[in-house]
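Q: Right, I'll just put the structure down here and ask away after.
The values are calculated or read from the model by the stated rules, or taken from the named source; none is laboratory data. Please read all numbers here as calculations on a predicted model, not as lab measurements. In this analysis, Cβ positions are derived from the backbone assuming ideal geometry, glycine residues included, and neighbour counts consider all displayed protein chains. These area figures cover heavy atoms from the full protein model, side chains too; ligands, DNA and RNA do not enter into them. Shrake-Rupley method; radii C 1.70, N 1.55, O 1.52, S 1.80 Å.
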Amino acid sequence: MATVAPQHFMHTSGETDPVWVHTDPHSNRPQFSSLPNSTSVDVCVIGSGMAGVQSAYELVKRGYSVVMLEARNAISGETGRTSGHLASALDDRYLEIEKKHGKEGAKLAADSHTWALRRVGEVAKELGIECEYRTLPGYLISQYDRQGHGKEHDSEVKEMIMPEAEHASSVGLSAEFRRDYAIQGWDGKPDQRDAAVFQEQATFHPTKYLTGVLKWLKEQPSFNCYTQSRVMDIQEKGVEVMGVGKKTVNVSTEAGHTVECSHAIMATCVPLQKLSMVVEMEFMRTYCIAVKVPKNYIEDCLLYDTAEDYKYIRLTECDDKNDYMIVGGCDHKVGQEQTTGRFDELESWTRERFSKAGSMDYAWSGQVYEPVDFMAFIGKNPGQKHTYIVTGDSGNGLTHAVIAGRLITDQIAGESNAWSSLYDPSRKGSLLKSAGAMLSHDLQVNAQYKRFLQSDINDIEDLVPGSGGVLNPTLKAPVAVYKDDGGKVHMFSALCPHLKGVLCWNGLEKSWDCPVHGSRFSKDGVCVQGPAKGNLAPADESGAQMQEKAVKG
């Protein structure tokens, strides 16, 4: 794969491009300038993905003035690398959610995600956005072939799939179990029939939707968006005790400008902070391919199996004769496994089941954040009164983001919302029930500091053009070394600015990934995912020039 233009990471968070650019290239996205000076506003929204844009939309509709700040270009984060599922049939299953949050919590989860997937359709209709939004069924099937693993298949159906349909129905979803059900088009040898069927799920084209909402926001006098305006600090100023006094929030950018606001929302996938919420999540890389299939060959649906690193499918537009079938899965922890082979696995899985699968035209990866108790963290940042966070997508980030738009707007307006306790970032009960998993995760994460004693390469000459690796010389700080396609070497600090984890080279996305808390940086050292706030420090003049060219063009 040839290296893309230096500015590519200003548009998206990986070297690869997702299928969404097929009908909505990066050049279609709304353009904004950087923040020219300090300003004041009712609410400052940090991040221009689904959570940020949806929050800005809900706030503006209720009469608030909003400034949105984005470190790179608009819609350059993880929303544009998702699979576009809008589901109330949640990845973590209602069986497990009920164990952590009780029956009432499971019902609130079902209600809120159902509202969210419908809300996308409402907004798209209201603003006239053509984004492929449609409702369709979702199917949960066993990971096991009935022929080769009949015993395991039957056990999974009995113990997981049938009870999940029953639990989902009991909390208000339209769900049922169908014996021997197989979707139209599955004509390959693997036999994974039997399904929990969830009606009234939905799907859409995520970047077309956000582009449409942003274009509407751009026309509103109470909204301003500033891109290439990286936020470096968020501070609450003043004194406020039991409603007496007043606090303001100062949001400071890398360029030295400040947005003074009454409220700030960190809609940044993961909060820009040291620990707090960060330690209550796992950070996962996930993979997708888009394969051409004839129109009307495969049922228009969402489908997912029960495997730990489950496979899933959905359709999106390609051309007059074909659709693209998106197939995803193969998750693993950030920076802790090789990224190679994932696309081959997804392609093999697809061709074994769908005989008319054509060319694989797109292949990309993204990132998900898994909270230990399955629910996102949406609401006031612990220890703060006017700063809000949205994080912990748990594989359902799009609907969690839409929920955040309403929930946080309600909280800013001082209105009650039945969902608040379920998503409260300061909740304790469900997290205590997850203490064992959290401890295990923390120990595993802390073990990643072993990379201080490791070196990926012994000599820069070992690197082939277009690749990178960490050189960790004795008694010196580790260095991230990238050799471009022309053989020129560029060096950066290999220490993540967040908590000094030693980075790993991601050969697929040509990025530097932190195995401790999931921060990621382009090959040029540009921060593309937090919790780190800033870029990698260049370690030589060539690195400094490369980074400057990536940021400024």
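Q: Given the structure, is Gly379 modelled with pLDDT under 95 and either among the polar types (S, T, N, Q) or out of contact with any His (no Cβ under 8 Å at 6 or more places or on another chain) (or both)? Write out each step before concluding.
A: Values: modelled with pLDDT under 95: no; either among the polar types (S, T, N, Q) or out of contact with any His (no Cβ under 8 Å at 6 or more places or on another chain) (or both): yes.
So Gly379 fails the test.
Q: Among the residues of segment 329-349, how many are in contact with a Gly (Cβ under 9 Å, 6 or more places away or on another chain), in a helix (DSSP H, G or I) and either over 24 Å from Gly77 (Cβ atoms) or of a type in the set (Gly, Ala, Ser) (or both)? Walk me through it before giving the result.
A: Quick first cut of segment 329-349, residues in contact with a Gly (Cβ under 9 Å, 6 or more places away or on another chain) only: 330-331, 333-335, 338-340, 342, 345-346, 349.
This time we only want the ones that are in a helix (DSSP H, G or I), so: 342, 345-346, 349.
Imposing the further condition that a residue be either over 24 Å from Gly77 (Cβ atoms) or of a type in the set (Gly, Ala, Ser) (or both) reduces the set to 345, 349.
Number satisfying all stated conditions: 2.
Q: Quick check on my filter: what residues within segment 499-514 are part of a loop (DSSP other than H, G, I, E, B) and open to solvent by 10 Å² or more (accessible area, probe 1.4 Å)?
A: Residues of segment 499-514 that are part of a loop (DSSP other than H, G, I, E, B), as a first pass: 499-501, 503, 507-510, 514.
The answer is Leu499, Lys500, Gly507, Leu508, Lys510.
Q: Considering each residue of segment 461-498, count those that are open to solvent by 10 Å² or more (accessible area, probe 1.4 Å), outside any loop (DSSP other than H, G, I, E, B), of a type in the set (A, V, I, L, M) and touching a strand residue (DSSP E or B) at 6+ places or on another chain (Cβ under 6 Å), and give that number.
A: Residues that pass the stated criteria total 4.
Q: Under the condition of being over 24 Å from the mean Cα position of the chain (by Cα) and either part of a loop (DSSP other than H, G, I, E, B) or modelled with pLDDT under 95 (or both), which residue from segment 395-423 is surrounded by the most Cβ atoms within 10 Å (Cβ to Cβ)? Full working, then the answer.
A: Filtering segment 395-423 down to residues over 24 Å from the mean Cα position of the chain (by Cα) leaves 412-418.
From what's left, either part of a loop (DSSP other than H, G, I, E, B) or modelled with pLDDT under 95 (or both): 414-418.
Numbers: Gly414: 6, Glu415: 10, Ser416: 7, Asn417: 18, Ala418: 13.
Per the criteria, the residue is Asn417.
Q: What pairs come out if I take residues in segment 154-169 that are in contact (Cβ under 8 Å) with a residue 24 or more places away in the chain and pair them with residues that are surrounded by fewer than 17 Cβ atoms within 10 Å (Cβ to Cβ) whose C-beta lies under 8 Å away, six or more apart or interchain?
A: Met160/Leu95; Pro163/Leu95; Glu164/Leu95; Ala165/Glu176; His167/Leu95
Q: Do we have any residue at all in segment 58-72 that's over 23 Å from Ile389 (Cβ atoms), open to solvent by less than 30 Å² (accessible area, probe 1.4 Å) and either in contact (Cβ under 8 Å) with a residue 12 or more places away in the chain or in contact with an Asp or Glu (Cβ under 6 Å, 6 or more places away or on another chain) (or both)?
A: Checked segment 58-72: no residue is over 23 Å from Ile389 (Cβ atoms), open to solvent by less than 30 Å² (accessible area, probe 1.4 Å) and either in contact (Cβ under 8 Å) with a residue 12 or more places away in the chain or in contact with an Asp or Glu (Cβ under 6 Å, 6 or more places away or on another chain) (or both).
Q: Is there a residue being of a type outside the set (A, V, I, L, M), under 30 Å from Thr227 (Cβ atoms) and surrounded by fewer than 18 Cβ atoms within 10 Å (Cβ to Cβ) anywhere in segment 132-141? Don't jump to the end; show me each part of the working.
A: Taking segment 132-141 first, the residues of a type outside the set (A, V, I, L, M) are 132-135, 137-139.
Filter again for under 30 Å from Thr227 (Cβ atoms), leaving 132-133.
Cutting the leftovers down to surrounded by fewer than 18 Cβ atoms within 10 Å (Cβ to Cβ) gives us 132.
Yes, there is a match, as at least one residue in segment 132-141 is of a type outside the set (A, V, I, L, M), under 30 Å from Thr227 (Cβ atoms) and surrounded by fewer than 18 Cβ atoms within 10 Å (Cβ to Cβ).
Q: Could you pull out the residue among Ser55, Ser112, Ser76, Ser48 that is at pLDDT 95 or above, farther than 17 Å from Thr391 by Cβ and among the hydroxyl-bearing types (Ser, Thr, Tyr)? Before you say what the answer is, go through the steps one by one.
A: Working: Ser55 fails: farther than 17 Å from Thr391 by Cβ; Ser112 fails: farther than 17 Å from Thr391 by Cβ; Ser48 fails: farther than 17 Å from Thr391 by Cβ.
Ser76 is the lone residue from the list that is at pLDDT 95 or above, farther than 17 Å from Thr391 by Cβ and among the hydroxyl-bearing types (Ser, Thr, Tyr).
Q: Consider segment 35-57. How many of its residues are in a strand (DSSP E or B) and surrounded by 24 or more Cβ atoms within 10 Å (Cβ to Cβ)? Let's see the steps before the verdict.
A: As a first pass, look at segment 35-57 and keep what is in a strand (DSSP E or B): 39-46.
Pick out the ones that are also surrounded by 24 or more Cβ atoms within 10 Å (Cβ to Cβ) and you get 43-46.
Here the count works out to 4.
Q: Might you let me know whether segment 206-221 holds any residue that is among the aromatic types (Phe, Trp, Tyr), outside any helix (DSSP H, G or I) and surrounded by fewer than 22 Cβ atoms within 10 Å (Cβ to Cβ)? Spell out how you get there, then give the answer.
A: In the first step, residues of segment 206-221 are kept if they are among the aromatic types (Phe, Trp, Tyr); the result is 209, 216.
Within this subset, residues satisfying the condition of being outside any helix (DSSP H, G or I) are none.
No.
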